[in-house]
Amino acid sequence: PAIEQTFIMIKPDAVRDRKTGQIIDRIERSGLTIEKMEKCVLDEETVKVHYAHLADKPFFPSLVAFMTSGPVVKMVVSGLSAVSKMRTLMGATNPLDAAPGTIRGDFAVDVNANVIHGSDSLENAAIEIERFFG
Ligand code: DAT
Ligand code: MG
């Protein structure tokens with residue numbers, strides 16, 4: 001396995017509920033390294049570009065509203081197979097399908113507010129790191 005970088009974001013629900021520390025702890029305990037981290041409020045345009053693959057979905061307006069509803073904590077995370085390792089640590093998109101022990105399985109209850117974003121491929125990781133930290 002290669003050392004990779006991935007883009008991770010703790011979403012507004014988890015920041016609001018003060019889960020940031022517990023989520024960061026899980027990332028570090030898994031052996032991955034936080035290279036960059038910043039708390040910020042996303043603008044609508046950035047969210048629309050980030051979720052452009054979902055623009056035709058009925059939930060898109062509420063997704064954009066949710067993601068701009070409060071601060072997020074954005075990160076660059078590195079380590080062996082960081083992209084897939086983080087996706088495994090996060091669990092399924094819908095928290096109802098996310099296994100216990102995963103971040104979404106333990107902290108999220110609703111697909112509309114599912115606690116964390118992580119890049120889904122190495123290619124998208126590079127694009128997202130440039131988008132949010134470039
Ligand atoms: P992931 O975040 O696991 O990469 P995705 O890229 O398909 O999943 O979707 C991005 C976000 O959009 C997801 O984290 C939550 C929201 N979303 C996806 N499917 C949804 C649905 N059926 N209803 C409501 N929100 C949804
Ligand atoms: Mg995705």
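All of the numbers you see were taken from the coordinates with simple rules; none came from a lab. The shown structure was predicted, so the numbers you read here are calculated from the model rather than taken from an experiment.
Summary table below
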quantity	calculated
The chain shape via C-alpha gyration tensor axes, a/c threshold 1.5	rounded
Mean residue ellipticity (222 nm) of the chain, computed from DSSP H runs ≥ 4 via -39,500 (n - 2.57), nearest 500	-11000 deg cm²/dmol
Overall form of the stretch 4-45 per C-alpha gyration tensor (a/c, 1.5; a/b vs b/c)	oblate
Candidate lysines - alpha carbon under 17 Å from residue 11, same-chain residues fewer than 8 apart omitted	19, 36, 39, 48, 74
